[in-house]
């Protein structure tokens, strides 16, 4: 088994529905091929291009990682990506190791962690105020002791 990664750039003016249609088209080509397993197929984001391509300064990057038994399919995939009008550029590379499956980050686990953090913070300020009180007393003691230490220094 060999692992490959294809990064293709789509017209930046496409909306989400049109991007999903392009991704589904590429996915259907991969499904038609035998012994191809898609690991990740996700939108990476809209980014500025290093140089204008077909009068576009920006492009939407889509990352496709897949597993392939027959490298002959790469020529067919390359030909399809060249002919697809929505795709501005593409590049396919071979990976040495199997890529990790990408999981979209969700906001729910973060929301669960916040109450725990606040409960820890609620207990820590109480401890801090206890430690601050003796410090305040020490500064009062030191201010009273300072004149006597200054008398000792003068002698």
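A simple spin-label model places the labels of residue 86 and residue 102 1.7 nm from each other, with each point 7 Å out along Cα-to-Cβ.
Counted residue by residue at 0.36 nm each, then reduced by the alpha carbon distance between them, the extension gain from residue 74 to residue 21 reaches 16.9 nm.
Apply 1/(1 + (r/R0)^6) to the Cβ-Cβ distance of residue 31 and residue 51, taking R0 = 35 Å, and write down the FRET efficiency to the nearest 0.05. E(calc), rounded to 0.05, equals 0.55.
Each value in this text was obtained by applying a stated rule to the coordinates, not by laboratory testing. Model, not experiment: these values are computed from the prediction. All Cβ positions, glycine included, derive from the backbone under ideal geometry; neighbour counts span all protein chains shown.
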